[in-house]
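Written below as structure tokens is the structure these notes are about.
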Amino acid sequence: MQISFQHVSYIYNEGTPYEYQALNDVNLDIQEGKITAIIGQTGSGKSTLVQHLNALLLPKTGEIHILDRVIKASENPKQLKALRGDVGLVFQFPEYQLFEETVLKDVAFGPKNFNVSEKDAIKRAKEALQMVGIKEDSYEKSPLELSGGQKRRVAIAGILAMDPKVLVLDEPTAGLDPVGTKEMMQLFKKLNSDYNKTILIVTHDMEQVFKYCDNVVVMQDGSVKVHTSVDEFFRDAESCEELNILPPAVIRMKKMLNENGFHIEGEIKDITALAKAIAKEVKHG
Amino acid sequence: MGNITLGRYIPMDSPIHRMDPRAKIIAMLFVLIAIFFRAGWIGYGVIFVAVSIVIILAKLKPSFIWRAMKPMLFMLTFLLIINALVIKTGNVLFTIGSFSLYSDAVLSTLYIAVRLLLMIMITTCLTATTKPLDMTLGIEDLLKPFTKIKVPAHEIAMLISIALRFIPDLIEETQRIMKAQESRGVDLKEGKLKEKIMAILSLIVPLFVSAFQRAEDLANAMEARGYAPGEKRTRYRILKMHGRDYLLMFGALCILIGMIGIAKFL
């Protein structure tokens, strides 16, 4: 196990009238080399949870083991700085973090902070920009000139250029168009399969969870409600609905078919598999 | 950043919270003016007791007031140092080498410290018990007589309310950008001068970009809903003074007159 939360609690504004317990005794083991989705309603503690991964927030109680490091309340954040290079955290709407004069400089900013030489930083920046699909003629543009979707890619490239072992993304596709969303998710899938990066994605989109992720963590009121594999999680629509989660369209379709006399068993991963299963049923039926 | 208390509204149900904002603003002005008279320790004692009663009635915690004052401590230390170097009257308290500390230096610093403390207590009383929106309604009403001499009362009130409205948003935005840049290895506390400048730049540029973006969005949203600054507008909430509001203003006025009396005749 590479990442593990042990009895982690976090309270915002402790000791003020605005006190709010965001995490409540979280115990969680996240598998190395997989894509894990973190889902749950607004205010369930997803964003708080992921901010513990690179020690932006230190737990009030409990500890987090990540990449042979321990994060706990008494830890000095200074010693944890190196951790930020190993755990890349992409915030919601990361395009707001762009500030440099040119796209290339902005992407190279991250690695430079971790004492990578100027030359190597530029090299890494170019690789990262290529990965996210930003063309070379944009390298010298101001990041503020780009379109929304391109800004997002540049911001994500800024984290990728740090070459983190673990990549954490807080709603990376919010506000992107369907094509942009698909490309983005395929990029994360590729980073996972080709570069063996452990990826955590906070998302509201069940289709994404179903299609791209390996494991799923459901947060509710600051605690981990469910932690299982995606296949297990979406096996039947009922358990999703119990958690107030709308299952992916394919699963809903499967459920409706079964309610109306079909007998589709086993895992259905996508629409093609469903079509085949229906064809089989019809032939035999 | 998260524990900024100066000027923050604390939602609570108390007699002070329910008072008319106009009465509270006027009372605050009276007492603030009263502080500027050299009324001596007795005078400040009276004001302190009066303000403390208001704080207790408003159910504010002393720790909250204390936190609001903390940022001023640095300023006061600075002041003490300057006073110690400049003021050379009164008794010598002690001498180190060629430097001697005079009692007047300490006294005059204390004097300013007490005034500052009282001012912060009073303004915190107002801001912590009055919703920002009520505050601007009150300011607008109080400025209304001045529209005769071309003071744009409504515009000023709108300006203040928009500014107040965006303070928490901007603080939140700052924290968000700080976290995002920290995730990229920015160290806002340590580092060489060049790194520090870079770190601050990485904070300020995005903050400006998003502030202008917000301003533009807000302007568009207001225009889309037909907002025109010069027009006559009706109001959903009408402020009304009650007995207790007059009592508060009267009490504050008494303090002001009392202080003038002490300063003039004692």
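The values are calculated or read from the model by the stated rules, or taken from the named source; none is laboratory data. Predicted model only: the values in this text are computed from it and were never measured. Cβ: placed from backbone, ideal geometry, glycine included. Neighbour counts: every protein chain shown. In case anyone asks, the SASA skips ligands and DNA or RNA and just uses the protein heavy atoms, side chains included. Shrake-Rupley method; radii C 1.70, N 1.55, O 1.52, S 1.80 Å.
Quick notes on this one:
- Single unsatisfied condition, residue A:88 versus (1) in contact with a helix residue (DSSP H, G or I) (Cβ under 7 Å, 6 or more places away or on another chain); (2) more than 13 Å from chain B (Cβ to nearest Cβ); (3) open to solvent by less than 60 Å² (accessible area, probe 1.4 Å): (2)
- Cβ pairs under 8 Å, 6+ apart, first in the stretch B:7-23 and away from chain A (no Cβ under 14 Å) and closer than 28 Å to residue B:145 by Cβ, second among the hydroxyl-bearing types (Ser, Thr, Tyr) and surrounded by 15 or more Cβ atoms within 10 Å (Cβ to Cβ): B:7/B:123; B:7/B:124; B:7/B:127; B:16/B:129; B:19/B:129; B:21/B:130
- Residue within the stretch A:177-191 that is out of contact with any strand residue (DSSP E or B) (no Cβ under 8 Å at 6 or more places or on another chain), within 14 Å of chain B (Cβ to nearest Cβ) and not in a helix (DSSP H, G or I) present: no
- Any hit, the stretch A:60-69, residues being touching a His at 6+ places or on another chain (Cβ under 7 Å), under 26 Å from residue A:5 (Cβ atoms) and not small (Gly, Ala, Ser): yes
- The C-beta contact set for the stretch A:113-135 (first residue over 12 Å from residue A:156 (Cα atoms), second residue surrounded by fewer than 12 Cβ atoms within 10 Å (Cβ to Cβ), distance under 9 angstrom, 6+ apart or interchain) comprises A:126/A:136.
- Inclusion of residue A:82 among residues that are free of Cβ contacts under 8 Å to residues at least 60 places away in the same chain, open to solvent by 50 Å² or more (accessible area, probe 1.4 Å) and within 12 Å of another protein chain (Cβ to nearest Cβ) is warranted.
- Residue tally, condition buried (at least 20 other Cβ atoms within 10 Å of the Cβ), out of contact with any Gly (no Cβ under 6 Å at 6 or more places or on another chain) and of a type outside the set (Gly, Ala, Ser), over the stretch A:17-47: 6
- Check on residue A:157, crowded, with 22+ Cβ neighbours inside 10 Å, within 13 Å of chain B (Cβ to nearest Cβ) and not polar (S, T, N, Q): yes
- Residue B:193 being exposed (fewer than 10 other Cβ atoms within 10 Å of the Cβ), away from chain A (no Cβ under 12 Å) and among the hydrophobic types (A, V, I, L, M, F, W, C): yes
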